[in-house]
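Report on the following structure.
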Amino acid sequence: MIHIDLQQRSSLEFRKQEMILRLQASIFPPALWQQVLAWFSGAWQSSGLAQPFLSMSTDGNTPGQPRWKHAQADLLSYLIFCFLVPSGHPLVRLWYQIDWAAINRLCAPAYRNQRCGQRAWAPAQLIALLLLFVLLPAPSETGLLAQVSLSPLHRWFCGFGLFSPLPDHSSLHTFRKRIGVERFEAILTWVVLRCQEAGLIANQLAFFDMTGVEASAHRWNPYQRAVLLTYALSRYLERSEQHPDEPLSASLRGSMAEIAIEVQDNAGLRKQTHLAPRLLRSLERWTNTKRPPLWTPAIEDAVSAVLAEAEPYPAGASDAPEQWRAWLKSVAQRLKAHLPHARGDLDARVGWTSEVTLLCGYWLGFLVDSLHHVITGVRLVPLNQMQHEQMIPALDQHRHRIGAFPTAVVADSAQDYDHVHQDLDQRQIQGHIAHRAHKGRGGGLSARHFRFNQAGQLLCPSGTLLTAGQPRKDGMVPHQAQGCATCPIKAECLPQGQQPDGPRLIHLEPQAHQRWLQNLENTQTPAYKQAQKQRFASEGLFGLAERLHQAKKAPYRSEPMNHIAGLLVGMAMNLAVLVRHSSGLTP
């Protein structure tokens, strides 16, 4: 037995099976000592400090349910929690806004350890850790666990005692893969419903916006993309039933390397066709490894997708090398669209977030109710996809969660496309969408100056009727004006290629152009201007997400996992709104 006295005010005694810590009342301020006495006289059993250990991992102990690891806290942990976990802290208030048992029930179908196998960490505890990941925020999940291990408040929030073991980062990785995007969407739905029950959602006006999120990856340079494309071309020919050589000849491999360079979106690289032999050497070095490179499955998926399109092999290619080369070049163009853009995150893509900013990553989009800025829909897609394809799915998510579409939606000009307007009309949603500028090549008056009369005929800016031609395959119809040579505004109206005397020729799709003109007229209404003013105020939400929750950079290395990260940001921001407008601690 070891006995230690500390300045005769407290003592520590070690026995074979126990440790005894004695604290003198004199080391505490009188008010705090009375608080401790009152708490341990019975209040601790009903105290909120015991709630995480009573509710976060208990549902898994009933028959037929997954078995969770028991979360227990010793009296010393309770004592320190009493001292160091302030009852009014935002995290404490947030904890009480979440039905942790419901999270366990929601995630239970993903587990198969009801009768045998190791006990799993309770989903509620892992969700709490992931919420802390974006609430603190932490630089990584490993850094998160290091921070939680040192903080009594964070241990309490996740239902861990001071001396309880913590999951490691691999447990969080396994949990995210096991639960998947759909269940995280369901948890966000539960949070949105809580906000709706609290009267925080008006469902009158919604905002939609997207921002570029950088991937946790290293972007391939044009030369590296050419190496990957050469490999993809070789795999395409090897897997095709109509490949010309078996195995591929050296001359054919050289032609593939030259074509891979030609189709790159880089003028400097295209000028250096002599790089083909070097490119083949790089490919050999990249592929001659003990283990297949991580990008190999992505290349195989790209080849499978292009093979499914099944463009026929050109007959008589040996007699027409130019025809063969043109065919191979078309295959390369299609393969290039499917290849990964970065090393580390094979789902990330390169795209323009503005006229001057090129980024490798994702679009992250929020649909936000205007009343208290509750996020009701989250979209995350690779950055090479178009923004105008994302708002309607976000509105459908909103309807699934809220039960009805909002009365109106506000968005920037990235959504000003005909199919978006049509989808909004079908859903009976008023769209307040900033108009997209339609600028023709070579100057001249833009399409906004060409309008339809009551008979549905297109008029030029001077009011003259245009003659419609035969529609093209893409739906565009050529319209040609007459009498441009004597028109007083011809110098202003005619683009460079149609000067000096015309005639003015413009291609447009009549129905889409008419709907675009309607939206242009709507931008002059007071309702539109007021709605856009509110949208500009709401865009600070992305600033908060980037500043407080590290939403500027994707933390994971695949699209599904980064989608989960976006959902976690939405949950965290919605819970913060719920806490701010909650009158009490308990749900």
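The values are calculated or read from the model by the stated rules, or taken from the named source; none is laboratory data. Treat the numbers as computed from the prediction; the structure is a model and nothing was measured. Note that each Cβ is placed from the backbone with ideal geometry, even for glycine, and that neighbours are counted across all protein chains shown.
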From the list P152, P123, P167, exactly one residue is farther than 20 Å from N104 by Cβ and either aromatic (F, W, Y) or in contact (Cβ under 8 Å) with a residue 24 or more places away in the chain (or both). Which is it? P152
Check on A186, closer than 23 Å to V356 by Cα and modelled with pLDDT of 95 or more: no
Exactly one of (1) closer than 17 Å to A531 by Cβ; (2) surrounded by 16 or more Cβ atoms within 10 Å (Cβ to Cβ) is unmet by Q428. Its number? (2)
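Here's the yes/no breakdown for (1) modelled with pLDDT under 90; (2) of a type in the set (A, V, I, L, M):
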{"site": "T407", "(1), (2)": "no, no"}
{"site": "S413", "(1), (2)": "no, no"}
{"site": "D425", "(1), (2)": "no, no"}
{"site": "H432", "(1), (2)": "no, no"}
{"site": "G442", "(1), (2)": "yes, no"}
{"site": "Q454", "(1), (2)": "yes, no"}
{"site": "L466", "(1), (2)": "no, yes"}
{"site": "H479", "(1), (2)": "no, no"}
Contacts under 7 angstrom Cβ, first residue in segment 381-406 being assigned to a strand (DSSP E or B), partner crowded, with 19+ Cβ neighbours inside 10 Å, 6 or more apart: V381/Y362; V381/W363; V381/Q390; P382/D347; P382/A348; P382/R349; P382/Y362; P382/E559
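What tally of residues in segment 279-311 results from selecting those that are touching a helix residue (DSSP H, G or I) at 6+ places or on another chain (Cβ under 9 Å), of a type outside the set (S, T, N, Q) and either touching a residue at least 60 places away in the same chain (Cβ under 8 Å) or under 17 Å from A250 (Cα atoms) (or both)? Can you show your working first?
So the first thing to find is which residues in segment 279-311 are touching a helix residue (DSSP H, G or I) at 6+ places or on another chain (Cβ under 9 Å), and the list is 279-280, 282-283, 286-287, 293, 295-296, 298-307, 309, 311.
Then drop every residue that is not of a type outside the set (S, T, N, Q), which leaves 279-280, 283, 286, 293, 295, 298-303, 305-307, 309, 311.
Now restrict to residues that are either touching a residue at least 60 places away in the same chain (Cβ under 8 Å) or under 17 Å from A250 (Cα atoms) (or both): 279-280, 283, 295, 299-300, 302-303, 306-307.
The number of residues fulfilling the criteria is 10.
Quick one: which residue in R219, R253, R235, R278 is more than 30 Å from S149 (Cβ to Cβ), in contact with a Cys (Cβ under 7 Å, 6 or more places away or on another chain), of a type in the set (K, R) and modelled with pLDDT under 95?
Numbers: R253 fails: in contact with a Cys (Cβ under 7 Å, 6 or more places away or on another chain); R235 fails: in contact with a Cys (Cβ under 7 Å, 6 or more places away or on another chain); R278 fails: in contact with a Cys (Cβ under 7 Å, 6 or more places away or on another chain).
Result: R219 is the single residue among R219, R253, R235, R278 that is more than 30 Å from S149 (Cβ to Cβ), in contact with a Cys (Cβ under 7 Å, 6 or more places away or on another chain), of a type in the set (K, R) and modelled with pLDDT under 95.
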Please work out if Y236 is closer than 30 Å to N562 by Cβ, assigned to a helix (DSSP H, G or I), in contact with a Ser or Thr (Cβ under 8 Å, 6 or more places away or on another chain) and aromatic (F, W, Y). no
Hits in segment 519-540 (condition: farther than 12 Å from I433 by Cβ and polar (S, T, N, Q)): Q524, T525, Q530, Q534, S538
Hey, any hits in segment 61-70 for a residue that's more than 30 Å from K552 (Cα to Cα), of a type in the set (D, E, K, R), at pLDDT 85 or above and touching a Phe, Trp or Tyr at 6+ places or on another chain (Cβ under 9 Å)? yes
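If you go through segment 400-425 one residue at a time, how many are of a type in the set (S, T, N, Q), surrounded by fewer than 17 Cβ atoms within 10 Å (Cβ to Cβ) and closer than 24 Å to Q511 by Cα?
Of all residues in segment 400-425, those of a type in the set (S, T, N, Q) come to 407, 413, 415, 422.
This time we only want the ones that are surrounded by fewer than 17 Cβ atoms within 10 Å (Cβ to Cβ), so: 407, 413, 422.
If we keep only those that are closer than 24 Å to Q511 by Cα too, we end up with 413, 422.
Selection size over segment 400-425: 2.
What do you reckon, is Q514 crowded, with 18+ Cβ neighbours inside 10 Å, within 17 Å of P461 (Cβ to Cβ), not assigned by TED's automatic domain parsing to the domain that holds V368 and not charged (D, E, K, R)? So that I can check it myself, show each step before the final result.
Numbers: crowded, with 18+ Cβ neighbours inside 10 Å: no; within 17 Å of P461 (Cβ to Cβ): yes; not assigned by TED's automatic domain parsing to the domain that holds V368: yes; not charged (D, E, K, R): yes.
Against the criterion (crowded, with 18+ Cβ neighbours inside 10 Å, within 17 Å of P461 (Cβ to Cβ), not assigned by TED's automatic domain parsing to the domain that holds V368 and not charged (D, E, K, R)), Q514 does not qualify.
Filter segment 99-118 down to residues that are out of contact with any helix residue (DSSP H, G or I) (no Cβ under 8 Å at 6 or more places or on another chain) and basic (K, R) and give me whichever is surrounded by the fewest Cβ atoms within 10 Å (Cβ to Cβ).
Among residues in segment 99-118 that are out of contact with any helix residue (DSSP H, G or I) (no Cβ under 8 Å at 6 or more places or on another chain) and basic (K, R), the one surrounded by the fewest Cβ atoms within 10 Å (Cβ to Cβ) is R115.
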So, in segment 71-81, exactly how many residues are in contact with a Phe, Trp or Tyr (Cβ under 7 Å, 6 or more places away or on another chain) and either surrounded by fewer than 18 Cβ atoms within 10 Å (Cβ to Cβ) or assigned to a loop (DSSP other than H, G, I, E, B) (or both)? 4
Could you tell me whether any residue of segment 347-360 is closer than 24 Å to Q422 by Cα and among the basic types (K, R)? no
So L395 clears everything in (1) buried (at least 18 other Cβ atoms within 10 Å of the Cβ); (2) modelled with pLDDT of 95 or more; (3) touching a strand residue (DSSP E or B) at 6+ places or on another chain (Cβ under 6 Å) except one condition, right? Which one? (3)
Applying the selection to segment 458-511, what residues are closer than 16 Å to G444 by Cα and acidic (D, E)? E492, D501
